[in-house]
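Following: one structure in structure tokens, then a few remarks.
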Amino acid sequence: MNKEELVKEISKKTKLSQKTSADILSAWIDTIQKTVSKGKKVTLVGFGTFEARKRAARTGRNPRTSQVIKIPAKTVPAFSAGKNFKELVK
């Protein structure tokens, strides 16, 4: 499902226009992105948690040349599914 299909589904279930549904979805995504980028968690009980996780620096290997390279530490976005979501996907 892509964003357009998701907007249509939200619109059907909420009986709101597709424009309103798209605005709400965009605001929701934007809010989560901004909150996580500030290092805070967003927890939706039963659905899951969005958070920033730190990755340690490590060494890697270039597969073409077999040369050892240093991979710097960085922070990446992560999602952990909640209990209800995990049970639905089983």
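Overview of values
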| item | result |
| --- | --- |
| Largest to smallest accessible area among 43, 35 [probe 1.4 Å] | 43, 35 |
| Average Cα contact separation per residue, the chain, under 8 Å, 6 or more apart, as relative contact order % | 21 |
| Global geometry of segment 34-73, whether rounded, prolate or oblate, following the gyration tensor of its Cα atoms and the 1.5 cut on a/c | prolate |
| Net length gained if the chain between residue 18 and residue 64 were fully extended (0.36 nm per residue, minus Cα distance) | 11.7 nm |
| FRET efficiency, 1/(1 + (r/R0)^6) with R0 25 Å, evaluated for residue 54 and residue 26 via beta carbons | 0.35 |
| Stretch gain in nm, segment residue 9-residue 86, where the contour uses 0.36 nm per residue and the Cα spacing is subtracted | 25.6 nm |
| Crossing angle, helix 3-14 versus the chain [Cα axis fit, 0-90 degrees, rounded to tens] | 30 |
| Accessible surface, the chain, averaged per residue in Å² (probe 1.4 Å) | 83 |
| Farthest positive-ward along the chain dipole, Cα basis, beta-carbon charges - from 71, 85, 48 | 71 |
| Relative intensity, log₁₀ I(q)/I(0), of segment 1-40 from a Debye sum that treats every alpha carbon as a point, q = 0.16, 0.18, 0.20, 0.28 Å⁻¹ | -0.43, -0.51, -0.59, -0.84 |
| Other-chain or far-sequence residues with amide H under 5 Å of residue 48's (modelled H) | 82 |
| Three-way shape call for the chain based on the alpha-carbon gyration tensor, with the a/c threshold at 1.5 | prolate |
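The values are calculated or read from the model by the stated rules, or taken from the named source; none is laboratory data. None of the values given here were measured: they were computed from a predicted structure. Don't worry about glycine lacking a Cβ; one is built from the backbone with ideal geometry, like all the others, and counts go over all protein chains shown. Ligands, DNA and RNA are excluded from the accessible area calculation, which covers all protein heavy atoms including side chains. Shrake-Rupley method; radii C 1.70, N 1.55, O 1.52, S 1.80 Å.
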